[in-house]
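Beneath this line is the structure, given in structure tokens, with notes to follow.
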Amino acid sequence: MNIDNIDFYYFSGTGNTLLVVKKMKDTFEEEGINVNLFKIEDSNPANINPEHTIGVAFPVAYLSTYPFVWKFIKSLPQVNGTDIFMVDTLGGFSGGIVGPMREIVKKKGYNPIGAKEIQMPINVFYIQDRRTNEKKIQKGLIEAEKYAVDIINGKVKWDRVPVLSDGIYLLSIGALKLIGVDLHQKFFLFNPDRKKCNKCGICLELCPLENIKEGENGYPEHGLHCEYCLRCVSFCPRRAIPAKFNYKGKTYRGVKAKEFLK
Ligand SMILES: Cc1cc2nc3c(=O)[nH]c(=O)nc-3n(C[C@H](O)[C@H](O)[C@H](O)COP(=O)(O)O)c2cc1C
């Protein structure tokens with residue numbers, strides 16, 4: 001496959017997807033391909049360059065991905081045969097994203113060349129110990145490197161599993177709708193612990209959705225547009241943001257916070 005330039009759009013909540021994207025970037029660059037990285041949360045899909053190969057990378061969430069990642073994909077402009085590949089990272093099982101996303105980009109005139117799902121440490125619910133996570137990361141990065149090599153050699157595919165993936169996609173749409181409901185947002189609202197928080201403001205800077213504002217007495221306050229990527233929870237230097245659904249309050253981070261700060 002003849003690839004000169006890749007524009008790689010990614011979102012990563014806690015670092016796993018960023019690690020995969022960086023590994024793929026290094027691998028492409030070793031083969032002489034120019035790679036530009038763009039954060040999905042800071043990018044306007046209308047401005048993509050249809051002359052370049054497009055890459056998209058994101059975490060699996062709710063058997064699907066975050067609503068704002070879907071919004072980015074669904075807002076991509078119509079093109080005439082631009083090559084596109086995707087990669088997601090996940091803790092266990094997705095099922096409902098690869099096929100439906102393929103249909104969306106195909107309808108927009110893209111040529112879906114490859115899709116890959118890469119297991120990385122789970123960053124929510126039951127977070128495993130550091131050694132287990134490190135092993136998973138090493139395994140995941142080997143897969144990421146192989147995937148990039150296979151893309152260059154034209155050995156990848158972006159398939160669709162009919163019925164199963166469509167069914168799971170429908171399920172995930174239900175879940176994604178639910179997280180947009182105010183009552184749900186209020187129930188799971190992140191409430192920084194004022195005894196621990198020192199008002200450093202990192203969480204405001206980290207939130208990809210600008211959903212955290214400076215509130216009463218300078219303490220951070222979460223709004224009702226959270227998509228639960230867990231970045232604020234995971235990278236709070238004082239562990240001051242408890243998440244109801246994290247077992248024993250454990251948090252996960254695949255990289256250092258500075259990777260996400262501007
Ligand atoms: C809110 C939320 C929902 C998730 N849902 C799933 C899921 O449905 N299936 C799965 O395999 N992993 C799921 N995960 C785990 C992440 O996909 C996985 O840990 C991923 O590598 C995190 O990537 P990141 O560090 O780039 O954010 C979920 C994580 C979060 C925070």
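The values are calculated or read from the model by the stated rules, or taken from the named source; none is laboratory data. Quantities reported herein were computed from a predicted structural model and do not represent experimental measurements. Cβ coordinates were reconstructed from backbone atoms using ideal geometry, including for glycine residues, and neighbour counts include every protein chain displayed. Calculation scope for accessible area: heavy atoms of the full protein, side chains included, ligands and nucleic acids excluded. Shrake-Rupley method; radii C 1.70, N 1.55, O 1.52, S 1.80 Å.
A few notes on this one:
- Qualifying residue in segment 22-33 (condition: within 30 Å of VAL181 (Cβ to Cβ) and either surrounded by fewer than 14 Cβ atoms within 10 Å (Cβ to Cβ) or under 18 Å from the mean Cα position of the chain (by Cα) (or both)): no
- Scanning segment 94-149 for residues that are part of a loop (DSSP other than H, G, I, E, B) and touching a Phe, Trp or Tyr at 6+ places or on another chain (Cβ under 9 Å) yields GLY95, GLY96, ILE97, PRO121, ILE122, ASN123, VAL124, PHE125, TYR126, ILE127, GLN128.
Residue by residue, here is whether (1) without any contact (Cβ under 8 Å) to a residue 24 or more places away in the chain; (2) in contact with a Pro (Cβ under 8 Å, 6 or more places away or on another chain) holds:
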{"position": "ASN2", "(1), (2)": "yes, no"}
{"position": "ASP7", "(1), (2)": "no, no"}
{"position": "GLY13", "(1), (2)": "no, yes"}
{"position": "ASN16", "(1), (2)": "no, yes"}
{"position": "LYS23", "(1), (2)": "no, no"}
{"position": "PRO50", "(1), (2)": "no, yes"}
{"position": "ALA61", "(1), (2)": "no, no"}
{"position": "THR65", "(1), (2)": "no, yes"}
{"position": "LYS74", "(1), (2)": "no, no"}
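- Look at (1) open to solvent by 40 Å² or more (accessible area, probe 1.4 Å); (2) more than 30 Å from PHE85 (Cβ to Cβ); (3) aliphatic (A, V, I, L, M); (4) under 20 Å from the mean Cα position of the chain (by Cα) and you find that ILE212 fails only one, number (1).
- Some residue of segment 247-259 being more than 16 Å from the ligand (Cβ to nearest atom) and crowded, with 20+ Cβ neighbours inside 10 Å: no
- Residue, farthest from VAL20 (Cα to Cα), within segment 96-113, restricted to residues that are at pLDDT 95 or above, of a type in the set (A, V, I, L, M, F, W, C) and open to solvent by less than 20 Å² (accessible area, probe 1.4 Å): VAL105
- Odd one out for LEU204 among (1) modelled with pLDDT under 95; (2) open to solvent by 20 Å² or more (accessible area, probe 1.4 Å): (1)
- Test for ILE73: is it open to solvent by less than 30 Å² (accessible area, probe 1.4 Å) and more than 16 Å from the ligand (Cβ to nearest atom): yes
- Between PHE58, PHE11, PHE38, PHE93, the distinction of being within 11 Å of the ligand (Cβ to nearest atom), open to solvent by 30 Å² or more (accessible area, probe 1.4 Å), not β-branched (Val, Ile, Thr) and not assigned by TED's automatic domain parsing to the domain that holds PRO237 belongs to PHE93 only.
- Hits in segment 149-170 (condition: among the hydrophobic types (A, V, I, L, M, F, W, C) and either exposed (fewer than 14 other Cβ atoms within 10 Å of the Cβ) or touching a His at 6+ places or on another chain (Cβ under 8 Å) (or both)): VAL161, VAL163, LEU164, LEU170
- Scanning segment 114-127 for residues that are at pLDDT 95 or above and surrounded by fewer than 20 Cβ atoms within 10 Å (Cβ to Cβ) turns up GLU117, GLN119, ILE122.
- Selection within segment 128-148: residues that are away from the ligand (no atom under 16 Å from the Cβ) and open to solvent by 60 Å² or more (accessible area, probe 1.4 Å). The member of this set that is farthest from the chain's Cα centre (by Cα) is ARG131.
- Cross-chain or 6+ apart pairs with Cβ under 7 Å, segment 212-236 first and closer than 16 Å to LEU261 by Cα, then basic (Lys, Arg): SER234/ARG253; PHE235/ARG253
- Condition met for LYS248 (under 22 Å from the mean Cα position of the chain (by Cα), at pLDDT below 95 and either in the same structural domain as THR132 (by TED's automatic domain parsing) or of a type outside the set (A, V, I, L, M, F, W, C) (or both)): no
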